[in-house]
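Input: a single structure, listed below in structure tokens.
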Amino acid sequence: MNPLLARLSAYLQEKANAQREAAMRSGRPVYDFGIGDPREPTPAFIREALRAAVPEVSQYPSIAGRPALRQAVAAYLSRRFGLSVDPECEILPCAGAKEALFHLPLCAADPARPFCWYPDPGYPVYERAILFAGATPRAVPLLAERGFLPDLVAISAADWKRTSLFFDCYPHNPTGAGAPREHHQRLAALAREHGFLVVCDEPYVDLYVGDPPHSALQVSRENLIAIHSLSKRSGMTGYRSGFIAGDARVVLALREARANFGVASQDFVQAAAIAAWSDDAHVEERRRVFAAKRALLLAHLRKLGLHAAGEGAFYLWVRVPQGHSSESYATMLAERGILVVPGNSFGQHGEGFIRLAMVPTLRDCEAAVQAWPS
């Protein structure tokens with residue numbers, strides 16, 4: 001077996017599932033703010049599109065996906081960001097963001113440029129993807145005093161010259177932080193100067209409370225791709241559908257590479273995805289629901305004197321009370337049936353925080369507030 005398997009601790013989703021099962025066995029109410037798997041139903045029109053597209057004979061989907069799906073994605077990017085993106089050479093469907101992110105270092109990491117950078121705290125898939133690709137992971141600390149933005153100046157020109165890939169994620173998981181356009185302008189300029197690929201993971205860009213976040217694609221497409229997903233935007237976590245968009249040279253190279261290990265989602269899932277990307281009304285309703293949950297929890301946390309960060313509508317990043325570690329506070333909450341993810345599950349710079357995902361129903365959020373220890 002690959003020795004990496006023994007080195008890597010259990011993936012946080014598996015740990016969270018085990019914690020949830022233990023809490024359920026207690027017989028007490030459980031309020032699960034752990035894994036970001038929303039409880040709101042997938043909109044009916046999306047489910048109907050999927051059912052209508054299930055064929056009598058199932059066949060392999062293509063690598064590039066259905067032209068109608070790429071066109072629907074291009075139309076979404078135009079409506080949402082004012083972008084003109086060529087669906088033939090700048091868009092590539094994928095089976096959810098996670099698999100696309102995991103496979104990217106396999107395609108993009110050059111042994112002559114072994115460094116691949118990822119945020120800490122950050123989505124664990126980034127580091128694991130780099131390790132499995134045999135590249136060299138380099139963590140970029142995201143600190144509260146910097147607004148959870150990376151210090152790009154702290155990376156030397158010599159290190160940039162040895163870089164193949166830089167993972168970026170805003171709105172950010174787990175902190176919920178946003179990024180100004182200047183951040184992506186600086187990062188894109190570095191990528192052009194030193195010749196590495198920027199991968200902007202943007203699955204939360206449609207779940208906001210204030211002003212709509214920008215996409216890095218509005219800043220640059222040279223040496224840059226963005227990855228989007230329908231999981232959170234449209235409540236389609238189980239459908240596994242997303243897309244890669246950006247630099248045409250990179251997209252075409254990935255299309256060739258993906259013939260070795262992956263295809264687009266099944267055709268009937270693509271039909272549901274076309275419906276989802278073509279509609280914005282259901283996303284507005286989801287924003288409203290997530291924002292209501294966030295406001296309720298944020299008010300209670302402030303009442304307890306707990307500082308919570310996060311501009312987006314989906315996550316709250318909460319500093320634990322003095323005298324607690326991430327693990328000890330998460331354990332205390334679990335004893336009340338409130339499940340959260342300890343911040344150190346996302347990297348060493350996540351210590352001292354917990355993450356709450358706005359996935360329970362609003363009624364369960366209200367009950368969790370009552371159960372929360374003071």
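The values are calculated or read from the model by the stated rules, or taken from the named source; none is laboratory data. All values reported here derive from a predicted model rather than from experimental measurement. All Cβ positions, glycine included, derive from the backbone under ideal geometry; neighbour counts span all protein chains shown. With ligands, DNA and RNA removed, areas are computed over all heavy atoms of the protein, side chains included. Shrake-Rupley method; radii C 1.70, N 1.55, O 1.52, S 1.80 Å.
Name the single residue, out of those in the range 345-367 being in contact with a Gly (Cβ under 8 Å, 6 or more places away or on another chain), in contact (Cβ under 8 Å) with a residue 40 or more places away in the chain and not aromatic (Phe, Trp, Tyr), that is nearest to residue 8 (Cα to Cα). If you could, list the steps in order and put the result at the bottom.
As a first pass, look at the range 345-367 and keep what is in contact with a Gly (Cβ under 8 Å, 6 or more places away or on another chain): 346-347, 350-355, 357, 359.
From what is left, the residues that are in contact (Cβ under 8 Å) with a residue 40 or more places away in the chain are 346-347, 350, 353, 355, 357, 359.
Pick out the ones that are also not aromatic (Phe, Trp, Tyr) and you get 347, 350, 355, 357, 359.
Values: 347: 13, 350: 17, 355: 21, 357: 24, 359: 27 Å.
Residue satisfying both the conditions and the ranking: 347.
Of all residues in the range 63-78, which are closer than 19 Å to residue 227 by Cβ, open to solvent by 20 Å² or more (accessible area, probe 1.4 Å), hydrophobic (A, V, I, L, M, F, W, C) and not in a loop (DSSP other than H, G, I, E, B)?
Matches in the range 63-78: 75 only.
From 275, 313, 308, which residue is in contact (Cβ under 8 Å) with a residue 60 or more places away in the chain, within 19 Å of residue 213 (Cβ to Cβ), hydrophobic (A, V, I, L, M, F, W, C) and buried (at least 16 other Cβ atoms within 10 Å of the Cβ)? Working first, answer last.
Details: 275 fails: within 19 Å of residue 213 (Cβ to Cβ); 308 fails: in contact (Cβ under 8 Å) with a residue 60 or more places away in the chain.
Checking each option against the conditions leaves just 313.
Yes or no, residue by residue, for (1) at pLDDT 95 or above; (2) touching a Phe, Trp or Tyr at 6+ places or on another chain (Cβ under 6 Å); (3) part of a loop (DSSP other than H, G, I, E, B); (4) on the phi < 0 side of the Ramachandran plot:
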site	(1), (2), (3), (4)
19	no, no, no, yes
35	no, no, yes, yes
39	no, no, yes, yes
50	yes, yes, no, yes
61	no, no, yes, yes
80	yes, no, no, yes
93	yes, yes, no, yes
101	yes, no, no, yes
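Mind checking which residues of the range 124-167 are open to solvent by 50 Å² or more (accessible area, probe 1.4 Å) and in a loop (DSSP other than H, G, I, E, B)?
134, 143, 151, 156, 162
Yes/no per residue for (1) closer than 21 Å to residue 111 by Cα; (2) in contact (Cβ under 8 Å) with a residue 40 or more places away in the chain:
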residue: 191; (1), (2): yes, no
residue: 197; (1), (2): yes, yes
residue: 203; (1), (2): no, yes
residue: 211; (1), (2): no, no
residue: 219; (1), (2): no, no
residue: 243; (1), (2): no, yes
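Can you confirm whether residue 199 is among the β-branched types (Val, Ile, Thr) and either within 18 Å of residue 123 (Cα to Cα) or assigned to a loop (DSSP other than H, G, I, E, B) (or both)?
On the way: among the β-branched types (Val, Ile, Thr): yes; either within 18 Å of residue 123 (Cα to Cα) or assigned to a loop (DSSP other than H, G, I, E, B) (or both): yes.
So residue 199 fits the description; yes.
Mind checking whether some residue in the range 280-289 is part of a loop (DSSP other than H, G, I, E, B), modelled with pLDDT of 95 or more, surrounded by fewer than 23 Cβ atoms within 10 Å (Cβ to Cβ) and not hydrophobic (A, V, I, L, M, F, W, C)?
We begin by selecting, within the range 280-289, every residue part of a loop (DSSP other than H, G, I, E, B); these are 280.
After this cut, where a residue has to be modelled with pLDDT of 95 or more as well, the list is 280.
Then drop every residue that is not surrounded by fewer than 23 Cβ atoms within 10 Å (Cβ to Cβ), which leaves 280.
Keeping just the survivors that are not hydrophobic (A, V, I, L, M, F, W, C) gives 280.
There is at least one residue in the range 280-289 that is part of a loop (DSSP other than H, G, I, E, B), modelled with pLDDT of 95 or more, surrounded by fewer than 23 Cβ atoms within 10 Å (Cβ to Cβ) and not hydrophobic (A, V, I, L, M, F, W, C).
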